[in-house]
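Here the structure comes first, spelled out in structure tokens, and everything after it is commentary.
The values are calculated or read from the model by the stated rules, or taken from the named source; none is laboratory data. Keep in mind the model is a prediction, meaning the values are calculated, not measured. All Cβ positions, even for glycine, are placed from backbone atoms using ideal geometry, and neighbour counts span all protein chains on display.
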Amino acid sequence: MPKRPEPDIRTVTVEGLAYGGAGVARSGGLVLFVPYGLPGDEVEVEVVEKKRDYGTVRITELLNPSTHRRAPPCPAFGTCGGCQWLHLTYEEQLRAKAQILQETLARLGGLHDAPIAPLIPSPHELHYRSRVRLQVRATARGYQMGYYMAGSHTLVPLEGCPLADEAVNDLWARLRQFLNDEERHAIGEIELAYSPDERRAVALILPGGGGHPIHRPLLQHCLERVPVLKGVIGGQRGGGWLTEGDPTLTYVVEVPGATFRCRAQAVSFFQVNLHLNPRLAESVLAAAGLQGGERVLDLYCGVGNLSLPLAARAGSLLGVDLSREAIQDAQANAREHSLTACEFWRAEAGPALAQLQGEGDRFDVVVLDPPREGARGLMEPLARLDPARIVYVSCNPTTLARDLKALVKAGYRVTGVQGLDFFPQTFHLECVAALERAPALSRVLAPAPSDVAAPPQPAPEGPAAGPSAAPPETPPEAPATPSPETSSDTLARATPEGPAAAPSGEPP
């Protein structure tokens, strides 16, 4: 029997934080990613995975803690995959995110001199999430609800979450109590969404294995027993939805000189940190620089969270999103505010850009807010539309850097980047990048494809039921753990048949 190798034990000092949440240390020519390590920590670690020039370790002993380390306000921290930095002071979280943003744009985007504004902090570092997605498991003793363990599909049962709005935590407890009094049903996930403006909530119950199917009496009893719920939707195993009550929420977006009320159905995407959402809208408006007569294209527009403030200051606006429900919400929101120069298409961004270019349509400003994977492959078609300004909203600095690099190559220059801390206690970061057409264009663009996609169709209007990264040889980011955001924030760009499957653990 071959002899087991001796463990590779080292003593290191954590120098910084990487995108993905892990600490970064160096030893013996290796860059080491240290999960839950903090800048200034002196730790004993065991190397658990080693590549040519980097490795991943686990902490075996905390020898001297960082001055930035604090007691995490959650007993599940380190087991649950929801947070990476709950044990780090908030001031240091902001400093680390600003440094990660700067280094990521430089290293992956070649943007060494990009003007980056000071990071905008969240008004609340705890209890800021208006929406969570819970994993659910039925046991002989009742339902367990929580998030997945970091890097796995093992459920960590929780009584609540320090990142969730206190009203969401109260709803969580009431819903668990209600379900425990019912027969066992085949429930796999529950998404809870709360409007602090309405003080009402909606629930989306998704099917799982075992137990009775989700049926209408369950949803009716749920509304009766949990009064804060305004509406509830139950997913069916074979597809389709059952709806009881009113499964829509309304939240307020306030910007200088105007206030907008946004309707969102339970299956539509909207920001989880509604306290900071108005600052996002302000940042986008500032980057767009509208004077009153511009034509604006809003890609991945969702329910119109940014479309409404933009349309109020522009000459006209076209919003594009794949979700039928989101487009219905956007149309309703525009009508509510008498924004008659708004049009919304239900379409994928790529075919929409091809159609617009084929028709010779022109836009002064293009705003895009793609999902975490970014908009790879769309930068050249976007540049062919030749807008004077582009505003790119991103929740992933690595894909933002990649796409900005492509836009710079296509003849644009980055005039400003604004980070917003939508997700305290995690490594996630929202960004707004402003670009303008460079004065002297030297675009290197492939010829546009000759075949143009069929025109997208508008949706029906009625409602539907230290160093913070490794050297160039190393990966662009440390291995990330699942978090409440990965499960709840990625829900949502729904198809006509229902919401797309979302990752099971979520960034808060």
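Based on this model, can you work out whether Glu42 counts as of a type in the set (D, E, K, R) and at pLDDT 95 or above?
The answer is yes for Glu42.
Residue check, Ile327 against (1) assigned to a loop (DSSP other than H, G, I, E, B); (2) β-branched (Val, Ile, Thr); (3) in contact with a Gly (Cβ under 8 Å, 6 or more places away or on another chain), all met but one. Which one?
Here Ile327 meets the rest and fails (1).
Within the bounds of the stretch 63-70, is there any residue that is out of contact with any Gly (no Cβ under 9 Å at 6 or more places or on another chain), part of a strand (DSSP E or B), at pLDDT 95 or above and buried (at least 21 other Cβ atoms within 10 Å of the Cβ)?
Checked against the condition, which is being out of contact with any Gly (no Cβ under 9 Å at 6 or more places or on another chain), part of a strand (DSSP E or B), at pLDDT 95 or above and buried (at least 21 other Cβ atoms within 10 Å of the Cβ), the stretch 63-70 yields no hits at all.
Restricting the stretch 178-187 to residues that are assigned to a helix (DSSP H, G or I) and in contact with a strand residue (DSSP E or B) (Cβ under 9 Å, 6 or more places away or on another chain), which is farthest from His221 (Cα to Cα)?
Among those that are assigned to a helix (DSSP H, G or I) and in contact with a strand residue (DSSP E or B) (Cβ under 9 Å, 6 or more places away or on another chain), it is Asn180.
Looking for whichever is surrounded by fewer than 14 Cβ atoms within 10 Å (Cβ to Cβ), at negative phi and not aliphatic (A, V, I, L, M) here; the options are His212, His185. Which one fits?
His212
Look through the stretch 341-373, keep the residues that are out of contact with any Phe, Trp or Tyr (no Cβ under 7 Å at 6 or more places or on another chain) and part of a helix (DSSP H, G or I), and return whichever of them is farthest from His428 (Cα to Cα).
That would be Gly358.
Within the stretch 86-115, how many residues turn out to be surrounded by fewer than 19 Cβ atoms within 10 Å (Cβ to Cβ), more than 20 Å from Cys74 (Cβ to Cβ) and among the polar types (S, T, N, Q)?
2
Would a scan of the stretch 194-215 turn up a residue that is assigned to a strand (DSSP E or B), at pLDDT 95 or above and farther than 22 Å from Gln328 by Cα?
no
Inside the stretch 248-270, can you point out the residues that are out of contact with any strand residue (DSSP E or B) (no Cβ under 8 Å at 6 or more places or on another chain) and buried (at least 23 other Cβ atoms within 10 Å of the Cβ)?
Ser268, Phe269
Mind telling me which of the residues Arg335, Arg362, Arg372 ends up being closer than 21 Å to Thr399 by Cβ and among the basic types (Lys, Arg)?
Only one candidate passes the filter, namely Arg372.
Tell me, which strands (runs of 3 or more DSSP E) wholly within the stretch 1-43 include 2 or more residues that are more than 33 Å from the chain's Cα centre (by Cα)?
By residue number, 9-13.
What are the residues in the stretch 224-241 that are in contact with a strand residue (DSSP E or B) (Cβ under 6 Å, 6 or more places away or on another chain) and either over 16 Å from His212 (Cα atoms) or not basic (Lys, Arg) (or both), if any?
Matches in the stretch 224-241: Val228, Leu229, Lys230, Gly231, Val232, Ile233, Gly234, Gly235, Trp241.
Can you find, within the stretch 376-399, the residue that is surrounded by the fewest Cβ atoms within 10 Å (Cβ to Cβ) among those that are part of a loop (DSSP other than H, G, I, E, B) and within 14 Å of the chain's Cα centre (by Cα)?
Among residues in the stretch 376-399 that are part of a loop (DSSP other than H, G, I, E, B) and within 14 Å of the chain's Cα centre (by Cα), the one surrounded by the fewest Cβ atoms within 10 Å (Cβ to Cβ) is Asn396.
Hey, Leu339 hits all of (1) surrounded by fewer than 23 Cβ atoms within 10 Å (Cβ to Cβ); (2) closer than 24 Å to Leu407 by Cα; (3) in contact with a helix residue (DSSP H, G or I) (Cβ under 6 Å, 6 or more places away or on another chain) but one; which does it fall short on?
Status for Leu339: all satisfied but (2).
Cβ-Cβ below 6 Å, separation at least six or inter-chain, first residue in the stretch 102-116 and of a type outside the set (Gly, Ala, Ser), second assigned to a loop (DSSP other than H, G, I, E, B) and buried (at least 18 other Cβ atoms within 10 Å of the Cβ): which pairs?
Glu103/Ser468; Glu103/Ala469; Leu105/Leu111; Leu105/Ala114; Leu108/Pro476
Just need a number here: residues in the stretch 280-321 that are more than 15 Å from Gly257 (Cβ to Cβ) and surrounded by fewer than 20 Cβ atoms within 10 Å (Cβ to Cβ).
Residues that pass the stated criteria total 5.
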